[in-house]
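Let me begin by presenting the structure, written as structure tokens, before commenting on it.
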Amino acid sequence: MERRSFLRASVLAGGTILGAPFIQKGRFKLYAGSRTEYSRRTLDLVQESTVIDMLSLFTLDWQKLAGWQQDPSTFRPEDFQRLKRSGITVFHPAVEPNQPNPFRATLRWSDNWNRLISAYPEFFVRVNSVDDIRVAKNSGRIAVVLGFQNSEHFRSVHDVGAFHELGQRVSQLTYNSRNSLGDGCVERRDQGITVYGASVIAEMNRIGMVVDVSHAGERTALDAFRISRKPVIISHSNCKALVPRSPRCVSDTVIRGLAATGGVLGLTGIRNFVWDGRPVTLNHLLDHYEHVARLVGVEHVGIGSDSDVEDHNGKTGKKRLQFDIHGLDTGTRIYDITEGLLKRGYTNRHLELILGGNFLRVLSEVWNQPPVSVS
């Protein structure tokens, strides 16, 4: 039986993934003062895996981030330790520049990230190739994939190569609304990928840049799947079958189309995309992992949290409302998700794929490089 067929069959058997039973052989805290304890199996899996969070931010405090980038000396070792403590190997801190001049704004954002990364070679590796991910994992550093949540900064097809030279390796085609490439998910009329958008996708395929259709309208996403000759990703979204009223969640039709390209859906912990009732719990988020795995196979699901690594639970204000999911702390979310899926019967191999192996496969294919075994 082929690997894809075997993995999907293991999901369908009995309605969940079959594997070794979850055995509680002792509980451990990640660090002193931590409120939550985890199994040794969870800790080992996260430590040994190459964990890729395809929408993960250093901080949601934009003033703090700007300070780090403009004056890297303000970034302290304890800031690095907080990033490391999350268990994430590869951060993809993509944003939507949301400026009157997207080209100039994205140039500044690229320069700012390159300044911070180059100032701390002992902490960070900018990811130009999959080999850089291996280097980061083996040296205990953080790998950073530069990308953006819009492609409006591409004034022409030639800009794809220019931004690739600056380190960009992922580009989301549209944000919520229409741009010159296609339509976003909140547009009343989704007319799909434009002629110009198709030429940009072709150039991204040629040069080795990942096509991301998060925030895209359904027809725009389906057109991208048809046009792209390389796997496409949805870096951060959830399943419309479970949250039907959210325009940011994607339908089963889109998930099937994504899987047909060989792509991966990164699932997010944004509360309104997880469940439209209250309270929202970790189990509601895990239901999205189950849904994708049953629908198209476990090799097409990953993590795209759309969060930083600070613990927002228990805090007041907008951030708590956005991330307040019972049983999921944003700072330790990788461990919470791993433990939850193990309790549902997922095997170590399935978790290795979900935690990063699936996205690593896609990055290897799109960046025109052989797969790298990260040990």
Problem - Of the criteria (1) buried (at least 17 other Cβ atoms within 10 Å of the Cβ); (2) more than 30 Å from R85 (Cβ to Cβ); (3) touching a residue at least 40 places away in the same chain (Cβ under 8 Å), which one K137 fails - result: (2)
Problem - Wholly enclosed helices (runs of 4 or more DSSP H) of segment 213-328 bearing at least 1 residues within 18 Å of the chain's Cα centre (by Cα) and over 25 Å from E352 (Cα atoms) - result: 218-227, 271-274, 318-323
Problem - Test for L55: is it more than 25 Å from H236 (Cα to Cα), of a type in the set (A, V, I, L, M, F, W, C) and either surrounded by 16 or more Cβ atoms within 10 Å (Cβ to Cβ) or out of contact with any Leu (no Cβ under 9 Å at 6 or more places or on another chain) (or both) - result: no
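Here is a list: T330, T261. Which entry is polar (S, T, N, Q) and over 26 Å from I142 (Cα atoms)?
T261
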Practice task
Taking I193 as the residue in question, decide whether it is touching a strand residue (DSSP E or B) at 6+ places or on another chain (Cβ under 8 Å) and either free of Cβ contacts under 8 Å to residues at least 40 places away in the same chain or within 19 Å of L267 (Cβ to Cβ) (or both).
Solution key: no
Exercise for the section: Could you run through segment 184-212 and say how many residues are buried (at least 21 other Cβ atoms within 10 Å of the Cβ) and within 21 Å of the chain's Cα centre (by Cα)? Expected result: 8
Handout entry: Extreme residue, nearest to G208 (Cα to Cα), among residues of segment 149-184 that are touching a helix residue (DSSP H, G or I) at 6+ places or on another chain (Cβ under 9 Å) and of a type in the set (D, E)
Key = D159
Practice task
Return a yes/no flag: does segment 322-337 have any residue that is in contact with a Lys or Arg (Cβ under 9 Å, 6 or more places away or on another chain), under 22 Å from I233 (Cβ atoms) and at pLDDT 95 or above.
Solution key: no
Fill in the blank from the handout: Scanning segment 153-212 for residues that are part of a helix (DSSP H, G or I) and of a type in the set (F, W, Y) gives F163, Y196
Completion exercise
When restricted to G277, G262, G297, G340, the only residue surrounded by fewer than 24 Cβ atoms within 10 Å (Cβ to Cβ) and at pLDDT below 95 is G277
Handout entry: Filtered residue count, segment 113-152, keeping only those that are small (G, A, S) and in a loop (DSSP other than H, G, I, E, B)
Key = 3
Handout entry: Matching residues, segment 36-74, being in a loop (DSSP other than H, G, I, E, B), modelled with pLDDT under 95 and either in contact with a Lys or Arg (Cβ under 8 Å, 6 or more places away or on another chain) or under 14 Å from R333 (Cβ atoms) (or both)
Key = T36, L60
Exercise for the section: Give the residue that is surrounded by the fewest Cβ atoms within 10 Å (Cβ to Cβ), with candidates limited to residues of segment 32-52 that are among the hydroxyl-bearing types (S, T, Y) and within 19 Å of G327 (Cβ to Cβ). Expected result: T36
Handout entry: Checklist (1) acidic (D, E); (2) modelled with pLDDT of 95 or more; (3) more than 20 Å from S129 (Cα to Cα) applied to E365, failing item
Key = (3)
Exercise for the section: Could you tell me whether any residue of segment 219-239 is more than 26 Å from V157 (Cβ to Cβ) and without any contact (Cβ under 8 Å) to a residue 24 or more places away in the chain? Expected result: no
Fill in the blank from the handout: Those residues of segment 97-110 which are more than 22 Å from the chain's Cα centre (by Cα) and in a helix (DSSP H, G or I) amount to P102, F103, R104, A105, L107, R108
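The values are calculated or read from the model by the stated rules, or taken from the named source; none is laboratory data. The structure presented is a predicted model; accordingly, all values stated were derived computationally and were not measured. Methodologically, a virtual Cβ is constructed for each residue, glycine included, from the backbone with ideal geometry; neighbour enumeration extends over all protein chains shown.
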